[in-house]
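K.L.:
What follows is a structure written as structure tokens; I'll ask about it next.
Nothing in this text is a laboratory measurement; each read-out follows from the coordinates by a stated rule. Everything numeric in this text was worked out from a predicted model, so none of it was measured. Every residue, glycine as well, gets a Cβ built from its backbone with ideal geometry; the counts of neighbours run over all protein chains shown.
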Amino acid sequence: MLFSNLPFATLRKLLLDLGFVEEVVPGSSLVFGHATTDTVFLFRLYRPQDKVSMMDLMGVRKQLDLRGLLGEDAFDALLRKASA
């Protein structure tokens, strides 16, 4: 599996800033839901410093764009800014 250089804490903050609600399924997964757009992301139990898998990162990027929450270019710009 390929991993990005992005720590999960950065992706988590971006999702929370967009209005997603986080739910932890103990011993199983992390769920982020956005009721207004009926968008749900399911992740493994990442720790804050864990690097996000490329599959998860690209999936979030694509769905945020498709759901009208954040365009792909804006997503990339926000992550570049957060990484700087």
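K.L.:
I need the phi-derived Karplus couplings for the stretch 54-63: 6.51 cos²θ - 1.76 cosθ + 1.60, θ = phi - 60°, integer Hz, Gly and Pro marked x.
P.N.:
4, 4, 5, 5, 5, x, 5, 4, 5, 5
K.L.:
Taking K and R as +1 and D and E as -1, what net charge do the other residues with C-beta under 13 Å from the C-beta of Glu22 add up to? Provide the component values of the computation, followed by the final result.
P.N.:
Working: positive: Arg12, Lys13; negative: Asp17, Glu23.
My count for the surroundings of Glu22 gives 0.
K.L.:
In percent, how large is the relative contact order of the chain, given Cα pairs closer than 8 Å and 6 or more residues apart? Walk me through the numbers before you get to the answer.
P.N.:
Working: 95 pairs, mean separation 25.9, N = 84.
Normalised by residue count, the contact order of the chain is 31 percent.
K.L.:
Using only Cα atoms, figure out Rg for the chain and give it as a multiple of 2.2 N^0.38 Å. It would help to have the intermediate numbers written out before the result.
P.N.:
Details: Rg = 12.1 Å, N = 84, 2.2 N^0.38 = 11.8 Å.
Relative to the 2.2 N^0.38 Å estimate, the chain comes out at 1.02.
K.L.:
Additional query: Determine the sum of side-chain charges near Arg61: Lys and Arg each +1, Asp and Glu each -1, restricted to other residues whose C-beta is under 14 angstrom from that of Arg61. Each step should come with its number before you reach the end.
P.N.:
Values: positive: Lys62, Arg67, Arg80; negative: Asp56, Asp65, Glu72, Asp73, Asp76.
Neighbourhood net charge equals -2.
K.L.:
Based on DSSP loop calls and a cut-off of at most 14 other Cβ atoms within 10 Å, the longest stretch of the chain free of exposed trypsin sites (Lys or Arg not before Pro) is what? Before the final figure, lay out the partial values.
P.N.:
Working: sites that count: Arg44, Arg67.
Longest gap between qualifying sites, sites excluded: 1-43.
K.L.:
Which value in deg cm²/dmol, rounded to the nearest 500, describes the helix-derived mean residue ellipticity at 222 nm for the chain, given -39,500 (n - 2.57) per DSSP H run of n ≥ 4 and division by the residue count?
P.N.:
Computed ellipticity for the chain at 222 nm equals -13000 deg cm²/dmol.
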